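Asker: Mind looking over this structure? Questions follow.
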Amino acid sequence: MATALHNLSDYNTENVPDASNMCFGIVVSEWNKEITGALLEGAVKTLEKHGAIPENIHVKTVPGSFELVYGAHQMTLNGGYDAIIVLGSVIRGETPHFDYICQGVTYGIARINATCEIPVVYGLLTTNDLQQAKDRSGGKHGNKGDECAVVAIKMAKF
Ligand code: DLZ
């Protein structure tokens with residue numbers, strides 16, 4: 001989580017394993033594309049920074065965050081991935097059923113992690129407004145995509 005003391009893009013690079021032999025799946029939501037595109041950019045750039053080769057980063061899009069669970073589950077069934085990242089942005093002020101979508105995605109991803117063999121990293125921004133989402137997708141609090149990439153590499157190694 002981003003706080004005044006923690007920037008999402010700050011991490012100790014010495015603790016991150018080499019990702020050159022790893023394969024990653026990324027499922028990204030089209031809803032709030034300005035935000036999710038920036039999350040994706042951060043995730044891909046950080047995976048590559050740690051050695052992942054572009055051919056081993058497979059990106060699939062889904063219409064909205066609610067579909068991230070299905071997308072991630074399909075990727076676990078396809079196999080071949082060392083870790084999967086889901087990226088989405090749900091904005092409370094613009095989404096009357098904000099709580100239902102966030103809970104659905106959160107429980108869905110948790111369930112996949114508890115039942116499937118491939119780790120799925122949770123990159124869902126759940127913010128009160130658009131500015132908070134911008135702040136966490138390359139703005140003043142860093143980029144959640146960077147954080148997810150580092151977590152994916154560590155979990156792939158795990
Ligand atoms: C319908 C909807 C709304 C109102 N808001 C968002 C949002 O802020 N972020 C997001 O990722 N998706 C939103 N969606 C779409 C739902 O996630 C989903 O795609 C639809 O309910 C169809 O299942």
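Asker: At least 3 residues that are surrounded by fewer than 24 Cβ atoms within 10 Å (Cβ to Cβ) and on the phi < 0 side of the Ramachandran plot in each: list the strands (runs of 3 or more DSSP E) lying fully within region 78-158 that qualify.
Answerer: Result: 120-127.
Asker: Sticking with this structure for a sec: Might you check whether a residue that is farther than 23 Å from T13 by Cβ, modelled with pLDDT under 95, polar (S, T, N, Q) and more than 16 Å from the chain's Cα centre (by Cα) occurs anywhere in region 131-138?
Answerer: no
Asker: Turning to a different aspect of this structure: Can you say whether T95 is within 16 Å of the ligand (Cβ to nearest atom), of a type in the set (V, I, T) and modelled with pLDDT under 95, as far as the supplied structure shows?
Answerer: For T95, the condition - within 16 Å of the ligand (Cβ to nearest atom), of a type in the set (V, I, T) and modelled with pLDDT under 95 - is met.
Asker: What is the residue count in region 33-70 for residues that are within 15 Å of the ligand (Cβ to nearest atom) and either open to solvent by less than 20 Å² (accessible area, probe 1.4 Å) or assigned to a loop (DSSP other than H, G, I, E, B) (or both)?
Answerer: Residues in region 33-70 being within 15 Å of the ligand (Cβ to nearest atom) and either open to solvent by less than 20 Å² (accessible area, probe 1.4 Å) or assigned to a loop (DSSP other than H, G, I, E, B) (or both): 8 in total.
Asker: Take the residues of region 71-92 that are more than 9 Å from the ligand (Cβ to nearest atom) and among the β-branched types (V, I, T): which is farthest from P119 (Cα to Cα)? Step through it out loud before you land on a result.
Answerer: Kept after step one, since they are more than 9 Å from the ligand (Cβ to nearest atom), are these residues of region 71-92: 71-87.
Filter once more, keeping what is among the β-branched types (V, I, T): 76, 84-86.
Details: T76: 9, I84: 6, I85: 8, V86: 11 Å.
Once the filter is applied, the top-ranked residue is V86.
Asker: Now, a different point. Give just the number: which of (1) part of a helix (DSSP H, G or I); (2) loosely packed, with under 14 Cβ neighbours inside 10 Å; (3) touching a residue at least 60 places away in the same chain (Cβ under 8 Å) does D10 not satisfy?
Answerer: Of the numbered conditions (1) part of a helix (DSSP H, G or I); (2) loosely packed, with under 14 Cβ neighbours inside 10 Å; (3) touching a residue at least 60 places away in the same chain (Cβ under 8 Å), the odd one out for D10 is (1).
The values are calculated or read from the model by the stated rules, or taken from the named source; none is laboratory data. Please read all numbers here as calculations on a predicted model, not as lab measurements. Here Cβ is always computed from backbone atoms with ideal geometry, including for glycine, and neighbour counts include all displayed protein chains. The accessibility values were calculated without ligands, DNA or RNA, using every heavy atom of the protein model including side chains. Shrake-Rupley method; radii C 1.70, N 1.55, O 1.52, S 1.80 Å.
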